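Encoded as structure tokens, the structure appears first; notes follow it.
Bear in mind that the values in this text are calculations on the coordinates, not laboratory data. These figures come from a predicted structure and were not determined experimentally. We place every Cβ from the backbone using ideal geometry, glycine too, and count neighbours over all the protein chains shown.
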Amino acid sequence: MSDIHKFLCSPAESTRRHGPHDRIVMSSRVRLARNIRDAAFPGWAKKPERVKVLEIIQPAVSALPDMEDAFYGAMDNLTALDKQILVERHLISREHAAKNVGSGLVVNRTETFSVMINEEDHLRMQALRPGLQLRQAWTAIDAFDSELEKKINYAFDNELGYLTACPTNLGTGIRVSAMLHLPGLVLGEQINPIIQSVNKLGLAVRGLYGEGTEALGNVFQVSNQMTLGESENMIVERLEKVLSQIIEHEENARQTLLEKKPKVVFNHIGRAYGILANAHSISSKETMNLLSLMRLGVDLGLFPGADRALVDELFLTTQPAHLQKQLSDKLSAEERDLLRADMVRERLKDVSRPVIKPKPPASAN
Amino acid sequence: MQCSICKEKPASVHLTQIVGDKMQKLDLCDDCAKLKGVNDPSGFAMADIMLGLGAAQELEHAVGGTEVKCPRCGFTQADFKKSGRLGCPECYKTFAEGLSGLLKTMHKGTRHAGKSPESLRASREISDRLKLLQKKLAKAIESEDFELAARLRDEIKQIPERPVAAKNAPR
């Protein structure tokens, strides 16, 4: 399989995957960092060495049973637009998108496994699941890694564990993370204390696309920071505990807002709908922030008949690269804003304006 | 109190992170705090700052200012200062001394407690056993229990040499 666009499932399909607590937890992900024993890390290796490492790892990964019918792409064969689409799908990191000769990507059919070769480490493999499924994601990537270690000599030290390019990933090389939609905590102005207390527990809170990114659309990523001195299971467990707390706080915040400041909530959501359904030019950032409010409205039962998946789909298709891909000509940012607004208006034309008496949505979980 | 990043302006933002029984402190001026996104809910994580801040100095300090070079890949501490990343797996041995302090502040512990590759699990167990016996031996000698020491020495002698993993990628 060589064309990434034929390979990836449609945005509509990818946003209809469901998991536990997916009102709040959009996805769960566990990634492992691994390196080959006798090679320099990608950031320090010269081009021929990187190419050699890629030639060792890629066939080994592609031959795994989980990767049957997978997509493989060398980063130098992907266009800038392809790479950006993969970033928007959370299949590669922004850092990996900047890579070229000597780096590659393997993604399986269902997009549940994705392996970056020669990102910061020789191997970055991740298992991705919808909703809150950290334990399942860890079990999946653990088995994947156990298969791969039969074919690749990992750099491993008895004392320090798996050796990684950056000392922050040393030991287990694990990053357990969940993507959370927290509009209630943001509107209720409780998000900062929550972030601070999560930080105090040694966990990181980041924006939509990971390290150093903005929390657009009230989407936050929570992940472990420490990787050495603790087992994978303990790390997963700690994340699970913290996430269940955050979910509870978010639910409470939504409830409190509805009880104490219903007008504020209805005002935000009504305005969001008004702009999205009627705008003729809209930036991707504004779209995301307003779609977040609409998503909240769907969760609160203010849009009977509208499905959360429609909002999630727009969340993806209005991102710059996804939008660009649907059009043949290369557009300027201003032209994209016009087309984005056209698309959103079209998709929302059958969604009636929010009701004032919320009904619980039929598909509540 | 001075800002721990720019070392010029007075610190006005004071951060403390407690993990387990360890406490880390960081004092920043307004500008550096903003720059590091301390007030920005999306981006701040203390380890990110600590890594950029203390890592290189710590490494430099430990090797006494002389330029240490990794014999395997030619990586130097100056390179670490620039990137915050190491050159190759061997670098962890080359820069072990400087890294140990850094790892202590960065992680929960300094000894790996998770998964290990199946093929190395046996040798890992052997090395654990060896370490334990050596510790006991040192104690026995210290307390002048030479009978026990002799027994432990025999036991240590019986532990097979560390098996060398002989497989090579790719197959």
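Annotations
- Once the Cα atoms are used to define both axes, helix A:262-278 deviates from the longest principal axis of chain A by about 80 degrees.
- Tilt relative to chain A, helix A:47-62 - C-alpha long axis, 0 to 90 degrees, to 10: 70
- Residue A:244 versus residue B:131: modelled label distance in nm, points set 7 Å from Cα along the beta carbon direction: 3.3
- For region A:183-199, 3J(HN,Hα) per residue [Karplus equation, 6.51 cos²θ - 1.76 cosθ + 1.60, θ = phi - 60°, Hz, x = Gly/Pro]: x, x, 5, 6, 5, x, 6, 10, 5, 5, x, 5, 4, 4, 6, 5, 4
- Across region A:1-159, Cα pairs under 8 Å and at least six residues apart give a relative contact order of 36 percent.
- Chain A: relative contact order as a whole-number percent, Cα under 8 Å and 6+ apart: 19
- Under the simplified labelling scheme, the residue A:342-residue B:25 pair shows an inter-label distance of 6.1 nm, with each label point 7 Å from Cα along Cα→Cβ.
- A Förster radius of 45 Å, combined with the Cβ-Cβ distance separating residue A:307 from residue A:76, puts the computed FRET efficiency at roughly 0.70.
- Estimated [θ] at 222 nm from DSSP helical runs (n ≥ 4, -39500 (n - 2.57)) normalised by residues in chain A, nearest 500: -13500 deg cm²/dmol
- Taking amide hydrogens as placed 1.01 Å from N in the peptide plane, the amide H of residue A:157 sits under 5 Å from those of A:162, A:163, each at least 5 positions away in sequence or on another chain.
- Residue (of B:10, B:143, B:103) at the positive-pole extreme of the protein assembly as shown, dipole from beta-carbon charges: B:10
- If you plug the beta carbon distance of residue B:154 and residue B:100 into 1/(1 + (r/R0)^6) with R0 = 35 Å, you get a FRET efficiency near 0.60.
- Couplings 3J(HN,Hα) of region A:310-322, computed from phi: 5, 5, 4, 5, 4, 4, 7, 6, 8, 5, x, 6, 4 Hz, in residue order, whole Hz [Karplus 6.51 cos²θ - 1.76 cosθ + 1.60, θ = phi - 60°; x for Gly and Pro].
- Sequentially through region A:291-307, phi angles give Karplus couplings (6.51, -1.76, 1.60; θ = phi - 60°) of 4, 4, 5, 5, 4, 4, x, 4, 4, 8, x, 7, 10, x, x, 8, 9 Hz, Gly and Pro residues having no value and appearing as x.
- Sparse-neighbour loop sites [GluC sites (Glu not before Pro); region A:30-116; at most 10 other C-beta within 10 Å; DSSP]: A:68
- A Gaussian network model of chain A, with springs between Cα atoms under 10 Å, assigns the largest mean-square fluctuation among A:317, A:164, A:256 to A:256.
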